[in-house]
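Read the structure below first, then the notes.
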Amino acid sequence: MPEEKTKTVVNSWNEWDPLKHVIVGRADGTMVQAPEPACVRNWPQYGFPMGTYGPLPKEMEEKANEQLDNFAKLLEDRGVRVDRPTPLDFSQKAQTPDWVQESMFGVMPPRDVLLTVGNEILETTMSQRSRWFEYLAYRPLLEQYYKEDPNFRWEAAPKPRLIDQSYHKDFWINNESKDEEAKMQHTYNKEWGLTEAEPLFDAADVGRCGKDLFVQRSTVTNAAGIDWMQRHFPEHRVHEVTFLEPEPMHIDATFVALRPGLVLSNRKRVPLSEEMKELFKINDWEIVPCAEPAHEHKAKLSFCSVWLSMNILMLDPKTVFVEEQETAQMEQFNELGFNVIPVPFWDVAAFGGGLHCATADVYREGTLEDYFPKQVPGY
Ligand code: ABU
C-alpha cells in the first residue's frame with residue numbers, strides 16, 4: 001500500500017495548544033552579518049571585529065545542525081510533523097533599487113519571519129537589510145501549504161523600503177560605547193535604531209494568547225509595525241509591551257505564556273507596561289519570574305542573550321522542551337507541574353536563538369479563545 005501523504009492544515013492560536021506540525025530551521029550557511037544601519041556586529045575576540053563579516057565556522061555549523069536534526073527527531077518521535085526550510089546562499093549580496101547589502105543572514109530562526117495566527121501565516125517585514133529576502137527560504141513550504149490547505153491564508157506584510165530614513169543613523173555604532181543607564185534611556189523613550197517612517201516588525205516580538213497578541217516594541221519592531229498588525233488583525237486585541245531591557249529584540253526570552261493563566265517572565269527584564277500588568281492581574285493570570293540561566297555569558301558569535309534559558313517550546317499545555325543545560329529552569333517547570341523534555345541546543349545559539357526561535361507553528365490543535373475577557377480601557 002502506498003503511504004498516504006499527510007495533508008496540511010494551518011491553525012495555531014497560542015503558544016501551548018497540542019503541537020502537531022512545525023517548521024524547524026537549519027544552520028546551513030549562516031553569516032556573521034555585514035554592517036548595516038540596523039545591525040553592527042563587533043566580535044574581535046572571535047575573529048570578527050567591527051566591519052568584518054563572513055560565514056560562521058563550519059565546525060560550529062555542523063554541531064548546530066546536529067542539534068537541530070536531533071530536535072526535529074524528538075518532535076517527530078512525539079507525533080509532530082516537522083518541515084524544514086530551503087537554505088539560500090546567504091553569502092551573496094542582497095540588493096533592492098534603494099540599497100546594496102554585502103551579506104544576508106541565515107534560516108535558523110523561522111520564528112522571526114513567520115507569524116502564525118489561526119489559519120494565517122504572515123511573512124513579517126523584518127527590519128534588517130540582511131534579512132530582507134529571508135522569506136524566500138520558506139516559500140517552498142508556504143507554496144505547498146497553499147496547495148494542500150484550501151483554508152490557508154498566506155499573507156505578506158508590506159515589504160519595507162529600509163532606506164536611510166528608516167533608521168537613526170549610526171545608532172548601533174554610538175550605542176556600543178554607552179553605559180547601561182544611557183542605553184536604558186532608549187528603552188524609557190521607546191526609541192532605538194528604527195524610525196517610524198514605515199511599519200517594521202519581527203514575528204518573534206509577538207506573544208500569542210488567543211484573541212490577545214502581546215507585541216514588544218523593540219530594536220526590530222516599531223510603533224508603526226504594531227499599528228499595522230492591529231489593522232491587519234481587526235478581530236484581535238494587539239497590546240504594545242515593553243520591558244526593562246536596554247536592547248530588546250524578540251519577546252520569547254522575556255515574557256512567555258505557558259498555559260492559560262500562567263506566564264513566565266524574565267527575572268531581570270521586568271515588564272514596564274503598567275496596563276499590561278493590570279490586564280494579567282484582573283484576568284487572574286499568574287506572572288512567575290523565571291529561574292537563573294545556566295550560562296553567565298552569551299554563546300560564541302551569538303547576538304542572543306543567556307536568557308535563551310526561557311526560550312522554550314511547549315509541546316502541549318503540560319509538556320515543555322527546555323535546553324538540557326538549564327537545570328534550574330527545568331526544576332522550576334517540574335515544580336509548576338510540567339513534564340520536561342531536555343534538548344541539547346546551546347550550539348544553535350549563535351545561529352539565531354533557542355528552541356522557540358528555531359521553530360514556527362503550522363498546526364496546534366485548538367480554537368480561538370478569549371483568555372482576557374476583562375480588558376483595561378484604552379489598552
Ligand atoms: N531571539 C530571541 C532571543 C532574544 C534574547 O536573546 O533575549
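Pull out a ≥ b ≥ c, the square roots of the eigenvalues of the alpha-carbon gyration tensor of region 60-144, then state rounded if a/c is under 1.5, prolate if not and a/b is larger than b/c, and oblate in the remaining case.
oblate
Return the loop-located GluC sites (Glu not before Pro) in region 127-185 (DSSP other than H, G, I, E, B) with at most 13 other Cβ atoms within 10 Å of their own Cβ; answer none if there are none.
E176
Roughly speaking, what is the stretch gain from Y379 to E247, that is 0.36 nm per residue apart minus the C-alpha to C-alpha distance, in nm to one decimal? Could you put the intermediate results ahead of the total?
Working: separation 132, 0.36 × 132 = 47.52 nm, distance 2.38 nm.
Length gained between Y379 and E247: 45.1 nm.
Of all DSSP beta bridges in the chain, what percent run antiparallel (nearest 5)?
Roughly 60 percent of the beta bridges in the chain run antiparallel, per DSSP.
Lysines near K20 by alpha-carbon distance under 26 Å, same-chain residues fewer than 8 away left out - which ones?
Output for K20: K5, K7, K73, K147, K211, K318.
For n ≥ 4 DSSP H runs only, could you compute -39500 (n - 2.57) per run for the chain, divide by its residues and tell me the 222 nm figure to the nearest 500? Spell out each step's value before the answer.
Working: 8 runs with 77 residues, N = 379.
So the calculated ellipticity at 222 nm is -6000 deg cm²/dmol.
Would you calculate the separation in nanometres between label points at E181 and D370, each defined as 7 Å from the Cα along the Cα-to-beta-carbon direction?
4.6
What FRET efficiency would be calculated for the residue pair W99, L336, taking the C-beta separation as r and a Förster radius of 45 Å, to the nearest 0.05?
Details: r = 47 Å, r/R0 = 1.04.
Efficiency, from the Cβ-Cβ distance: 0.45.
Taking Cα centroids, how far is region 120-167 from region 317-379 in Å?
Each part reduced to its Cα centre gives a spacing of 24 Å.
Give the order of L88, L244 when sorted by the count of other beta carbons within 10 angstrom, beginning with the fewest.
On the way: L88 18, L244 15.
Exposure proxy ranking, most exposed first: L244, L88.
Residue separation times 0.36 nm, minus the C-alpha to C-alpha distance between R81 and E191: what's the value?
35.6 nm
In nm, to one decimal, how far is the M50 label point from the I282 one, both placed 7 Å along Cα→Cβ?
Taking the simple label geometry, M50 and I282 are separated by 4.7 nm.
Explain nothing, just the number: dipole magnitude of the chain about its Cα centre with +1 on each Lys and Arg Cβ and -1 on each Asp and Glu Cβ, in debye rounded to the nearest 20.
380
List the lysines whose alpha-carbon lies under 17 Å from that of K183, not counting same-chain residues fewer than 8 positions away?
K169, K268
Which lysines, on any chain, are close to K93 with Cα under 21 Å apart, when same-chain ones fewer than 8 places away are left out?
K58, K159
Under 12 Å from the Cβ of H168, count the other residues' Cβ atoms, weight Lys and Arg +1, Asp and Glu -1, and hand me the total.
Spelling it out: positives minus negatives among the neighbours equals -3.
Provide R131, R231 in ascending order of the number of other Cβ atoms located within 10 Å of each residue's Cβ, fewest first.
By the 10 Å Cβ count, ascending, the order reads R231, R131.
Cut-off is 10 Å between beta-carbons; in what order do T116, T242, T221 appear when sorted fewest neighbours first? Walk me through the intermediate numbers first.
Details: T116 23, T242 18, T221 30.
Ordered by Cβ neighbours within 10 Å, fewest first: T242, T116, T221.
Each reported figure results from applying straightforward, stated rules to the coordinates on display, with no laboratory input. All values reported here derive from a predicted model rather than from experimental measurement. FYI the Cβ positions are ideal-geometry reconstructions off the backbone, even for glycines, and counts take in every protein chain you see.
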